[in-house]
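A.B. asks: Sharing a structure, written as structure tokens. Questions coming.
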Amino acid sequence: MLDRDKILLEAQAMKAEIDGGTIMSKEVCQSKYNYLYTHTPTLFELIYKKGDVSIEQLQFMCQKAKSIERNEMSQYDADVIIGQKLADKYVTPIIENKENKEKQGN
């Protein structure tokens with residue numbers, strides 16, 4: 001089973017170092033943040049390449065995964081909650097922006 005707390009800690013630390021301008025080779029990062037690299041290579045790559053990684057979003061998703069493991073909610077319910085949160089953040093603003101432009105154009 002994944003240690004989500006360790007993933008979060010390593011993701012936060014790695015992101016802080018990279019965002020702060022610390023220059024490390026990929027090999028050094030892989031060694032320093034080995035758990036993250038080994039268990040979540042896609043997340044590791046996103047952070048290393050300065051991708052748009054939201055630690056808050058990652059924390060939220062890990063909390064939902066823990067709730068599923070403790071049988072506090074179903075996988076389906078967690079998926080719906082996470083999907084709605086992501087849609088509110090990424091999709092809704094695009095739709096609203098498009099609707100506002102169309103209103104201004106008419």
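The values are calculated or read from the model by the stated rules, or taken from the named source; none is laboratory data. Because the structure is a prediction, the values reported are computed rather than measured. Here Cβ is always computed from backbone atoms with ideal geometry, including for glycine, and neighbour counts include all displayed protein chains.
A.B. asks: Going by what's in this entry, would Tyr48 be described as under 30 Å from Gly21 (Cβ atoms), in contact (Cβ under 8 Å) with a residue 12 or more places away in the chain and aromatic (Phe, Trp, Tyr)?
C.D. replies: On the way: under 30 Å from Gly21 (Cβ atoms): yes; in contact (Cβ under 8 Å) with a residue 12 or more places away in the chain: yes; aromatic (Phe, Trp, Tyr): yes.
When the stated conditions are applied, Tyr48 passes them.
A.B. asks: While we're on this one: Could you grab the pairs with beta carbons closer than 7 Å, sequence gap of 6+ or different chains, first residue in region 7-32 and within 15 Å of Glu56 (Cβ to Cβ), second one among the polar types (S, T, N, Q) and in a helix (DSSP H, G or I)?
C.D. replies: Short answer, once both residue conditions are applied: Leu8/Gln59.
A.B. asks: Look through Ser54, Ser25, Ser31 and report the one residue that is touching a helix residue (DSSP H, G or I) at 6+ places or on another chain (Cβ under 9 Å), at pLDDT below 95 and loosely packed, with under 15 Cβ neighbours inside 10 Å. Full working, then the answer.
C.D. replies: Details: Ser25 fails: touching a helix residue (DSSP H, G or I) at 6+ places or on another chain (Cβ under 9 Å); Ser31 fails: at pLDDT below 95.
Matching residue, one of Ser54, Ser25, Ser31: Ser54.
Residue-by-condition table, conditions (1) more than 28 Å from Met14 (Cβ to Cβ); (2) touching a strand residue (DSSP E or B) at 6+ places or on another chain (Cβ under 9 Å); (3) assigned to a loop (DSSP other than H, G, I, E, B):
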residue: Asp52; (1), (2), (3): no, no, yes
residue: Gln63; (1), (2), (3): no, no, no
residue: Lys66; (1), (2), (3): no, no, no
residue: Met73; (1), (2), (3): yes, no, yes
residue: Val80; (1), (2), (3): yes, no, no
residue: Asp88; (1), (2), (3): no, no, no
residue: Glu96; (1), (2), (3): yes, no, no
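A.B. asks: If we scan region 41-51, do we find a residue that is in contact with a Phe, Trp or Tyr (Cβ under 7 Å, 6 or more places away or on another chain) and either among the hydroxyl-bearing types (Ser, Thr, Tyr) or surrounded by 11 or more Cβ atoms within 10 Å (Cβ to Cβ) (or both)?
C.D. replies: As a first pass, look at region 41-51 and keep what is in contact with a Phe, Trp or Tyr (Cβ under 7 Å, 6 or more places away or on another chain): 44.
Retained after the next criterion (residues that are either among the hydroxyl-bearing types (Ser, Thr, Tyr) or surrounded by 11 or more Cβ atoms within 10 Å (Cβ to Cβ) (or both)): 44.
Looking for residues that are in contact with a Phe, Trp or Tyr (Cβ under 7 Å, 6 or more places away or on another chain) and either among the hydroxyl-bearing types (Ser, Thr, Tyr) or surrounded by 11 or more Cβ atoms within 10 Å (Cβ to Cβ) (or both), one finds at least one in region 41-51, hence yes.
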